[in-house]
Structures are given as structure tokens and as C-alpha cells.
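Trainee: Below are the C-alpha cells for one structure; questions will follow.
All of the numbers you see were taken from the coordinates with simple rules; none came from a lab. The structure presented is a predicted model; accordingly, all values stated were derived computationally and were not measured. Note that each Cβ is placed from the backbone with ideal geometry, even for glycine, and that neighbours are counted across all protein chains shown.
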Amino acid sequence: MASRHPALEGYTRYRAVGQLAFLLHRITGLGILLFLVIHIIDTSFVYFAPELYDEAIQIYRSIPFMIGEIFLVWSVFYHGFNGIRIIIFDLWKPEWWEKDIAVKSVYWTLALSILAWLPAAYIMGRAIIENHFMGG
Amino acid sequence: MATKVRNVRPAVSSEARWWLWMRITGILMVVFVFPHVIIKDVIVGVHNIDLNYVAQVWANILWRVFDFLLLFTTFTHGMMGLRQVLMDYIHSATGRRTVTWVLGILWFVISLAGAIAIIGGVQQPGM
């Protein structure tokens, strides 16, 4: 028998953090898709049911939906940045999956997605306050 | 025991093609999704979006082309991604074929609704 633990061969340091990146990629992807299906349908109202379009948008202007929108934008940033990371590794640098950069790149991706998101979250948070708590 | 990266060259299967299309649509999406999200969600904001706003944006044919490519790349990527997730839980050949067909039909119908709206443009209520 060559090895009783074949799963433990090779570069194993990526596993724990890679699992986190994988899980976040799936959750954000499924969440974005759920919104996307609803969003394509509400946008198609401009042609199929224009009298309902502004009413549909009115739902997005409520506080819970605007808070959801802030998290949606982080999901898009994370999923996009992590996707770029996967594409670079898979298509051009497959050897990086076997090096420390595989682990470090996960932390970089998380940090960049949060850094890029913070100004967007600030502006969107300000819009909630302006539109819901400052009657004007 | 030395650990080595194996060089495996499997035959190009249909799953390999799904895998490649996830990456092709993924690259294309970067160009469309980030500008879309930053412009609509952050800069313009949902309180400034209504039927008139969409009509103004779509008055420019280039934005219609942009939105068409946005719709096509993103929704195709999303449905292929959902298929990939479901394939991790469904193992029978019949189940997998059913998932692929059901998602394919949903993809076609919803894409078609979006495409008709972009091509047909904004209608005035009550007309």
C-alpha cells in the first residue's frame, strides 16, 4: 500500500483557510443569484408592466432592503475579488495552489474586499439616514 | 515520501467545458458588474432610480448594449454556479440531467424576459 493517508499528502496548509474562501464564495454567490433573479424580473417590468416598476423599486427603498443592499455590495466585492484570485491561479499560475501564496492570497482577498467596500458602505449608510431619518 | 504535483491531462469532458465557461464569464463580468454596482447602488442610489431614470439611461444605445452584456454574462455565470453547487449534492445521472435541463429552461426564460425589456425599452404606464 502506497499510503494509508493519501488525502494528507501535498500542500495541506491551504485546506483550512481555503475551505473558508470556498464557503464564502458559495454563500455570496448563491445570495447574489437570489437577488439577481428578482432584479432581472423587476427590471423587466419597465417593458412588461411599467405601472408596477416604481412600486417594485419602492420596496428596495425600505430600511431592511437598503441594509441588505449594503451586504449585497460586499458579497459582490468578495465574490469578484476571490473569483479573480481563482482565475489567476487556475489559468495562469496553477503552481501557486501549492505555495504559501495560496494561504496569503485568501487574507489579501478578504482585506481588499472589506477595504473597497467600506467607502461604499459609508455612502449607502448615509443614504439610509438621509432618506429615512432626516425628513426633507 | 516525496510529495509532487501530478501532471494530469484528462480528456476534455463536458464538465471541463462548464469549468472553463465559469472562468470566461467570470472575467467578462469584472468589466460589467463592478461599474454597474458602483454606479447604481453607491453613486446614484435606489432613491434616484425610477421609470424615468431607466428611460434616460437607455436613451443611449451604448448603455443598452452594456446592460445586455451585463445580463447575459452575470445570469449565465450565476445559473452555471448554481448547477455546480447542486452537482455536489445530486449524484444520479437522471438527477443531474434534470437539474441541467430545469436550470437551462429557467436561464432561457428569465434571460429572454430581460433581453426583451432591454430591446423593447421603457414603456409609458397606461399605454
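Trainee: Name the single residue, out of those in segment B:55-71 being without any contact (Cβ under 8 Å) to a residue 40 or more places away in the chain and among the aromatic types (Phe, Trp, Tyr), that is nearest to B:ILE105 (Cα to Cα).
Mentor: B:PHE66
Trainee: Confirm whether A:THR43 is crowded, with 16+ Cβ neighbours inside 10 Å and under 25 Å from B:LEU51 (Cβ atoms).
Mentor: yes
Trainee: Just to confirm my filter: which helices (runs of 4 or more DSSP H) fall fully inside segment B:1-111 and include at least 1 residues that are hydrophobic (A, V, I, L, M, F, W, C) and more than 30 Å from A:GLY125 (Cβ to Cβ)?
Mentor: Result: B:14-37, B:61-87.
Trainee: So which residues in segment A:97-110 are within 11 Å of chain B (Cβ to nearest Cβ) and hydrophobic (A, V, I, L, M, F, W, C), if there are any at all?
Mentor: A:TRP97
Trainee: Then there's this: Going by what's in this entry, would B:GLY95 be described as buried (at least 16 other Cβ atoms within 10 Å of the Cβ) and either at positive phi or small (Gly, Ala, Ser) (or both)?
Mentor: no
Per-residue answers, yes or no, for (1) surrounded by fewer than 18 Cβ atoms within 10 Å (Cβ to Cβ); (2) at the interface with another protein chain (Cβ under 7 Å from one of its Cβ atoms); (3) more than 28 Å from A:LEU118 (Cβ to Cβ):
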position: B:LYS40; (1), (2), (3): yes, no, no
position: B:ILE49; (1), (2), (3): no, yes, no
position: B:LEU62; (1), (2), (3): yes, no, yes
position: B:LEU70; (1), (2), (3): no, no, no
position: B:GLY78; (1), (2), (3): no, yes, no
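Trainee: Another one. When you scan segment B:80-127, how many residues do you find that are farther than 18 Å from A:SER44 by Cα, at the interface with another protein chain (Cβ under 8 Å from one of its Cβ atoms) and free of Cβ contacts under 8 Å to residues at least 24 places away in the same chain?
Mentor: Count: 2.
Trainee: Residues that are touching a residue at least 60 places away in the same chain (Cβ under 8 Å): list the helices (runs of 4 or more DSSP H) wholly contained in segment A:1-108 that include at least 1 such residues.
Mentor: A:14-48, A:63-87
Trainee: Report the residue count in segment A:111-136 for those that are more than 10 Å from chain B (Cβ to nearest Cβ), without any contact (Cβ under 8 Å) to a residue 40 or more places away in the chain, of a type outside the set (S, T, N, Q) and part of a helix (DSSP H, G or I).
Mentor: 5
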